[in-house]
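Okay, structure first, notes after.
The values are calculated or read from the model by the stated rules, or taken from the named source; none is laboratory data. Quick caveat: nothing in here was measured; it's all calculated off a predicted structure. Positions of Cβ are generated from backbone atoms using ideal geometry, with glycine treated the same way; all protein chains shown enter the neighbour counts.
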Amino acid sequence: MSKPVLIKSDALPKEFLEVHPHNLYLYCKSYAASVRSNTAKTKTRAEVSGGGKKPFAQKGGGRARQGSIRAPHYKGGGVAFGPTNNRNYNQKINKKQKKLALWHAIAEKTANDRLFVTDSIVIESGKTKDAIALINALGQRDVLIVKEMIDDKTFLAFRNVNNAYLIESNELNAYLAAAYSSIIMEKAVFEKMTKEA
């Protein structure tokens, strides 16, 4: 594997540098919303057990009429306006905005000297220590590694590295690009991305 080369802002098309940062904010917000687990759930009065019998007679007791002891104002009753797990948290974002968000995230990395490009990313030994040595040589906190196609040996090498995440080029998105401290990508991936501008 050849030594990664640091990419400066002047190597990017001007379109990358003119993107408004709000596009990145909208994409990250949409991405985070789409991975919400949506497990918050309370039982309504129809779902709690018991309460089939009318607690006392409708008339004659001098009290307000009651139909069930599982109404919301009773202890052990259902929740009136609690969360339900059929809520859709997804937020729409346009294709063009997705592309602009990625461009801005990449431009930010170049502005901060955090984008590296190499001819190919291959750990032929398949050993984790070789993968760690590559990351330590860059002196970065954590790294997103973008390959065109992941091979088995390289996958094994990076599989257990906590501060590195290996993805294929079609998985690259603005959220991942923004979340990681720095990015290493293959030259073919970088060229393909810049040609789209």
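Structure values in brief
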read-out: Residue satisfying all of: in segment 72-86; small (Gly, Ala, Ser) and surrounded by 15 or more Cβ atoms within 10 Å (Cβ to Cβ); farthest from residue 44 (Cα to Cα) among these; value: 77
read-out: Residue that is farthest from residue 165 (Cα to Cα), among those in segment 102-127 that are among the polar types (S, T, N, Q) and crowded, with 16+ Cβ neighbours inside 10 Å; value: 110
read-out: Where residue 141 falls short, out of the listed (1) more than 16 Å from the chain's Cα centre (by Cα); (2) assigned to a strand (DSSP E or B); value: (2)
read-out: Pair list, Cβ under 7 Å, 6 or more apart: segment 86-111 residue over 12 Å from residue 25 (Cα atoms), other residue of a type in the set (D, E, K, R); value: 89/36; 91/29; 103/15; 110/8
read-out: Unique match (being basic (Lys, Arg), under 24 Å from residue 32 (Cα atoms), part of a helix (DSSP H, G or I) and out of contact with any helix residue (DSSP H, G or I) (no Cβ under 7 Å at 6 or more places or on another chain)) among 96, 129; value: 96
read-out: Conditions (1) of a type outside the set (Lys, Arg); (2) over 17 Å from the mean Cα position of the chain (by Cα); (3) surrounded by 15 or more Cβ atoms within 10 Å (Cβ to Cβ): number failed by residue 28; value: (2)
read-out: Some residue of segment 178-188 being surrounded by fewer than 18 Cβ atoms within 10 Å (Cβ to Cβ), at pLDDT below 95 and farther than 29 Å from residue 21 by Cα; value: no
read-out: Test: residue in segment 25-40 that is in contact (Cβ under 8 Å) with a residue 24 or more places away in the chain, within 26 Å of residue 176 (Cα to Cα), in a helix (DSSP H, G or I) and charged (D, E, K, R); value: yes
read-out: Selection count where residues are within 26 Å of the chain's Cα centre (by Cα), over 24 Å from residue 135 (Cβ atoms) and surrounded by 14 or more Cβ atoms within 10 Å (Cβ to Cβ), scope segment 1-20; value: 4
